[in-house]
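The values are calculated or read from the model by the stated rules, or taken from the named source; none is laboratory data. This structure is a prediction, so every number in the text was calculated from the model and none was measured. Counting neighbours? That spans all protein chains shown, and the Cβs are built from the backbone with ideal geometry, glycine included.
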Amino acid sequence: MDINAFIKYLSNEKRYSKHTVRSYQSDLDQFVEFCISINPEFNPIASDHHIIRKWIIFLMENGVSPRSINRKITTLKSFYKFLSREGVIEVMPTDKVVVPKMKKQLPVFVGQEPMNRLFDSFEFPDNFEGLRNRTILLAFYCTGIRVSELVSLTTHNIDFYNGQIKVLGKRNKERLVPFALELKAAFQEYLAERDKLECNHPVVFVTNAGDPIYDRLVYDIVHQNLGAVTTLEKRSPHILRHTFATQMLNNGADINAIKELLGHSNLSATQIYTHTTFEKLKKIYKQAHPRA
């Protein structure tokens, strides 16, 4: 039983996304590389909590953030839990490991005014790329979908009659997300231009050559265009997901409804946005109350 068996388990049985599986693989490769540097005959099955603690110290000394360290330890816990379930090990080496405390970070989001400027005032190029890029940004902002969900979106997933898209989320879990009339019009205009490329596949968003779009290109599109309306350092597709959720909550949406729209498996993942809105309330209170 080796790491490859665990990676296949994540892909085939847990049905994790390719991005998530790559992260698990990378974390485990880094752990093994560190252990081999100490002992060339290292076997991950024979690991114990002492060497895991040494790895944590090594990571901290090399400036790795507590958040990243916690993620790597979560990877190890999943790996050894898998080995335990398969009967390969009897003792979990991660049980005695204490991970660094993380400072709770509120999600970063773009304000409503900059987003209005982006879609109402900013001039996108009058060509295929400009039309595609605006539609991508509007799709993120109006639906809150993940970049992996946008990249895999097909023409069959768009229901123009009911104004909704079928999204294939994490672990192949499907959900329906409604979209606004503005996004409907953008989709229709963009798809009319896309059809001129004679694409031989149903993927909605494509490159100039008609090939399916990819994560890095989507990131670059979002990063560059958000830079026209905000000075935030973080300008990723996930920031637009945060923006969608935060602005929905600020404007009175029920948190359970937001949970369903985002495709969260539990409410705790969605509740972080309540902290963001509370920070906004505190700011308003301090500005408006005479005793604040």
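Show the residue pairs meeting these rules: Cβ distance below 7 Å; 6+ apart or different chains; first residue within the stretch 81-110 and closer than 23 Å to residue 10 by Cβ; second residue at pLDDT 85 or above and among the polar types (S, T, N, Q).
Taking only residues 6 or more apart or on different chains, the pairs are 92/84; 99/70.
For the stretch 191-283, please list each of the helices (runs of 4 or more DSSP H) lying entirely inside it that holds at least 1 residues being modelled with pLDDT of 90 or more, in contact with a helix residue (DSSP H, G or I) (Cβ under 9 Å, 6 or more places away or on another chain) and of a type in the set (Phe, Trp, Tyr).
Counting at least 1 such residues, we get 215-226, 237-250.
Of all the residues that make up the stretch 135-155, how many are part of a loop (DSSP other than H, G, I, E, B) and not hydroxyl-bearing (Ser, Thr, Tyr)?
The total comes to 4.
Where residues in the stretch 147-171 are closer than 19 Å to residue 20 by Cα and surrounded by fewer than 20 Cβ atoms within 10 Å (Cβ to Cβ), which of them is modelled with the lowest pLDDT?
Among them, the one singled out is 171.
From the residues in the stretch 14-50 that are part of a helix (DSSP H, G or I) and acidic (Asp, Glu), which one is nearest to the chain's Cα centre (by Cα)?
27
For the stretch 4-58: of the residues being hydroxyl-bearing (Ser, Thr, Tyr) and farther than 13 Å from residue 72 by Cβ, which is surrounded by the fewest Cβ atoms within 10 Å (Cβ to Cβ)?
37
Considering 11, 84, which residue is part of a helix (DSSP H, G or I) and under 25 Å from the mean Cα position of the chain (by Cα)?
When all the criteria are applied, what remains is 11.
(1) in a loop (DSSP other than H, G, I, E, B); (2) surrounded by fewer than 16 Cβ atoms within 10 Å (Cβ to Cβ); (3) assigned by TED's automatic domain parsing to the domain that holds residue 268: which one isn't true of residue 124, the others all being true?
Evaluating residue 124 over (1) in a loop (DSSP other than H, G, I, E, B); (2) surrounded by fewer than 16 Cβ atoms within 10 Å (Cβ to Cβ); (3) assigned by TED's automatic domain parsing to the domain that holds residue 268 leaves (2) as the failure.
Residue 177 - would you say it is within 24 Å of residue 154 (Cβ to Cβ) and part of a helix (DSSP H, G or I)?
It is false that residue 177 is within 24 Å of residue 154 (Cβ to Cβ) and part of a helix (DSSP H, G or I).
Yes or no: residue 132 part of a helix (DSSP H, G or I) and at negative phi?
yes
Can you tell which of 91, 97 is surrounded by fewer than 15 Cβ atoms within 10 Å (Cβ to Cβ), modelled with pLDDT under 95 and not assigned by TED's automatic domain parsing to the domain that holds residue 219?
Selected residue: 91, the only one of 91, 97 that is surrounded by fewer than 15 Cβ atoms within 10 Å (Cβ to Cβ), modelled with pLDDT under 95 and not assigned by TED's automatic domain parsing to the domain that holds residue 219.
When both residues are 6+ apart or on different chains and their Cβ atoms are under 6 Å apart, which pairs have a first residue that lies in the stretch 29-40 and is under 21 Å from residue 6 (Cβ atoms), and a second that is not in a helix (DSSP H, G or I)?
If the second residue must be not in a helix (DSSP H, G or I), the pairs left are 35/42; 36/42.
For a quick check of your reading of the model, give me the residue pairs whose first member lies in the stretch 197-224 and is under 15 Å from residue 137 (Cα atoms), whose second is small (Gly, Ala, Ser), with beta-carbon atoms closer than 8 Å and at least 6 apart or on different chains.
215/148; 219/236; 222/236; 223/236
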